[in-house]
1. Considering (1) of a type outside the set (Gly, Ala, Ser); (2) touching a strand residue (DSSP E or B) at 6+ places or on another chain (Cβ under 7 Å); (3) within 23 Å of Gly176 (Cα to Cα); (4) surrounded by fewer than 18 Cβ atoms within 10 Å (Cβ to Cβ), say which one Val25 fails and leave the rest.
2. For region 125-152, how many residues meet the condition of being open to solvent by 60 Å² or more (accessible area, probe 1.4 Å), touching a residue at least 12 places away in the same chain (Cβ under 8 Å) and not in a helix (DSSP H, G or I)?
3. Restricted to region 76-85, and to residues that are free of Cβ contacts under 8 Å to residues at least 12 places away in the same chain and surrounded by 14 or more Cβ atoms within 10 Å (Cβ to Cβ), which residue is farthest from Asp131 (Cα to Cα)?
4. Going through region 32-61 one residue at a time, which ones are within 18 Å of Ile109 (Cβ to Cβ) and without any contact (Cβ under 8 Å) to a residue 24 or more places away in the chain?
5. Among (1) open to solvent by 30 Å² or more (accessible area, probe 1.4 Å); (2) under 15 Å from the mean Cα position of the chain (by Cα), which single condition is Lys93 missing?
6. Suppose we filter Arg102, Arg161 for residues that are in a helix (DSSP H, G or I), within 19 Å of Val57 (Cα to Cα), open to solvent by 60 Å² or more (accessible area, probe 1.4 Å) and not polar (S, T, N, Q); which single one remains?
Amino acid sequence: MADDSFPGWHGTTILAVRRGGKVVVAGDGQVSVGQTVMKGSARKVRRLSPGGRDVIVGFAGSTADAFTLLERLEKKLEAAPGQLQRACVELAKDWRTDKYLRNLEAMLIVTDGDQVYVVTGAGDVLEPEHDVAAIGSGGNFALAAARGLLETDLDAEAIARKAMAIAADICVYTNGNLKVETLAR
């Protein structure tokens with residue numbers, strides 16, 4: 001998700017793990033420009049409560065773009081309470097077809113504690129296999145680590161924390177300053 005007008009910008013790593021009736025979304029806080037860490041404590045995991053129903057969203061990419069998408073998602077959830085899949089599909093359709101929105105550069109992981117989706121500007125609404133999803137600069141590292149840790153008896157939060165620590169050890173665009181949110185089914 002590199003913007004040509006801001007080459008070298010790298011953002012966060014977001015990981016979602018579903019296990020034992022809980023979904024945990026963890027995100028690191030690093031934002032880098034080239035080889036420089038601009039901020040180590042960015043908060044890219046948010047809890048929304050449209051209509052009193054909790055939803056956790058983690059985002060990677062442009063923060064301003066992600067906030068625009070979060071506002072849109074919140075409106076979709078208010079229009080269709082309790083229908084996360086429908087809201088995500090409607091957001092993805094708008095994101096892909098709207099002249100303004102299609103230029104937004106971000107990716108989202110969205111969960112209501114039951115369903116987990118990765119939503120992209122390409123019109124994708126993906127439900128991950130293996131109860132794990134990851135996005136962002138270190139997403140593939142975190143995803144691989146979490147999938148390996150699913151073979152253990154660790155709970156969802158422990159898996160997310162260990163996988164993010166592994167990603168932070170490997171990916172220079174990921175740090176260990178985590179924001180973790182949990183929802184139970």
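The values are calculated or read from the model by the stated rules, or taken from the named source; none is laboratory data. All figures in this text were calculated on a predicted structure; none of them were measured in a lab. Don't worry about glycine lacking a Cβ; one is built from the backbone with ideal geometry, like all the others, and counts go over all protein chains shown. Heads up: the accessible areas ignore ligands, DNA and RNA and are worked out on the full protein's heavy atoms, side chains in. Shrake-Rupley method; radii C 1.70, N 1.55, O 1.52, S 1.80 Å.
1. With respect to (1) of a type outside the set (Gly, Ala, Ser); (2) touching a strand residue (DSSP E or B) at 6+ places or on another chain (Cβ under 7 Å); (3) within 23 Å of Gly176 (Cα to Cα); (4) surrounded by fewer than 18 Cβ atoms within 10 Å (Cβ to Cβ), Val25 is out only on (4).
2. 1
3. Of the residues in region 76-85, the ones free of Cβ contacts under 8 Å to residues at least 12 places away in the same chain are 79-80, 83.
Going one step further and asking which of them are surrounded by 14 or more Cβ atoms within 10 Å (Cβ to Cβ), we end up with 80, 83.
Details: Ala80: 25, Gln83: 19 Å.
Across region 76-85, the extreme among qualifying residues is Ala80.
4. Narrowing region 32-61 to residues within 18 Å of Ile109 (Cβ to Cβ): 42-50, 53-61.
Hit for region 32-61 is Ser49, nothing else.
5. Status for Lys93: all satisfied but (2).
6. On the way: Arg102 fails: within 19 Å of Val57 (Cα to Cα).
It is Arg161.
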